[in-house]
Amino acid sequence: MKRLGIVIFASLFLLTGCSTGGLSTSNQNAFVSGDGVAVYVQPADRKPAPTLSGATLTDGNLTLSTGKVTVLNVWASWCSPCRAEAPLLSDFATKYKSQGVQFAGILTRDNVSAAQEFARRFKLNYPTFIDDSILAKFRNSLVPNAIPTTLIIDAHGYVAARVSGEVTVALLSDLIGKVLKDPPHA
């Protein structure tokens, strides 16, 4: 009985240590379930995004275009909020394409066959990188810190916004609109 109590205590300690309202405070690189909190960075305070290049689920190797606003979604097929937001992201990829906005995904903590089925099921119409080591390259800017996380990179290649958790129509519309209207960096 004493051993069971220790196991339960240790499990609760680990669970509560990993979740702080959807954001990790002790290790920004740790992945937790996000709560939809958005961070918008003023143009003068932004950090450069890494080059987004690598193998994808369906398109072989790809390097994303520079000079465009980029919406980058970190997802996994087993993630319920990822399933909930997938149709919205596909719709927005179509809607904002005419405004020069490109969408891409980064698969994390998942296997390729499950992700390919997810992409077919939810009709993802944008590429998804399958090498999540790309995520570590964001360590000097807004780190993808939850599954899902959506980052918005401005047309100058700087990380402009992050949503930790599931995006909504209103939130994503607002952030993309702001970033499209942003003045050049100082």
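The values are calculated or read from the model by the stated rules, or taken from the named source; none is laboratory data. Fair warning: this is a prediction, and the values are worked out from it, not measured in the lab. Positions of Cβ are backbone-derived with ideal geometry, glycine not excepted, and every protein chain shown enters the neighbour counts.
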Exercise for the section: Could you please let me know if residue 162 is of a type in the set (D, E, K, R), within 19 Å of residue 36 (Cβ to Cβ) and modelled with pLDDT of 95 or more? Expected result: yes
Completion exercise
Scanning the stretch 64-78 for residues that are farther than 23 Å from residue 101 by Cβ and not aliphatic (A, V, I, L, M) gives 77, 78
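Which residues, counting only those in the stretch 54-97, are of a type in the set (Lys, Arg) and part of a loop (DSSP other than H, G, I, E, B)? Give the derivation first.
So the first thing to find is which residues in the stretch 54-97 are of a type in the set (Lys, Arg), and the list is 68, 83, 95, 97.
68 - this is the single residue of the stretch 54-97 that is of a type in the set (Lys, Arg) and part of a loop (DSSP other than H, G, I, E, B).
Could you please let me know if residue 93 is more than 14 Å from the chain's Cα centre (by Cα), modelled with pLDDT of 95 or more and within 17 Å of residue 133 (Cβ to Cβ)? If you could, list the steps in order and put the result at the bottom.
Numbers: more than 14 Å from the chain's Cα centre (by Cα): yes; modelled with pLDDT of 95 or more: yes; within 17 Å of residue 133 (Cβ to Cβ): no.
Against the criterion (more than 14 Å from the chain's Cα centre (by Cα), modelled with pLDDT of 95 or more and within 17 Å of residue 133 (Cβ to Cβ)), residue 93 does not qualify.
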Practice task
Hey, can you tell me all the residues within the stretch 85-114 that are over 20 Å from residue 53 (Cα atoms), touching a residue at least 24 places away in the same chain (Cβ under 8 Å), of a type outside the set (A, V, I, L, M, F, W, C) and surrounded by fewer than 21 Cβ atoms within 10 Å (Cβ to Cβ)?
Solution key: 87, 90, 94, 96, 99
Practice task
Restrict the check to the stretch 65-79 and report whether at least one residue is modelled with pLDDT of 95 or more, of a type in the set (Lys, Arg) and over 16 Å from the mean Cα position of the chain (by Cα).
Solution key: yes
Practice task
Assess whether residue 124 counts as being in a loop (DSSP other than H, G, I, E, B) and under 23 Å from residue 57 (Cβ atoms).
Solution key: yes
Practice task
Being in contact with a Leu (Cβ under 9 Å, 6 or more places away or on another chain) and in a helix (DSSP H, G or I) is the filter here, so list the residues in the stretch 148-177 that pass it.
Solution key: 169, 172
Handout entry: Residue in the stretch 169-181 that is surrounded by fewer than 21 Cβ atoms within 10 Å (Cβ to Cβ), over 18 Å from residue 67 (Cβ atoms), aliphatic (A, V, I, L, M) and in contact (Cβ under 8 Å) with a residue 40 or more places away in the chain present
Key = yes
Exercise for the section: Please work out if residue 162 is surrounded by fewer than 21 Cβ atoms within 10 Å (Cβ to Cβ) and among the basic types (Lys, Arg). Expected result: no
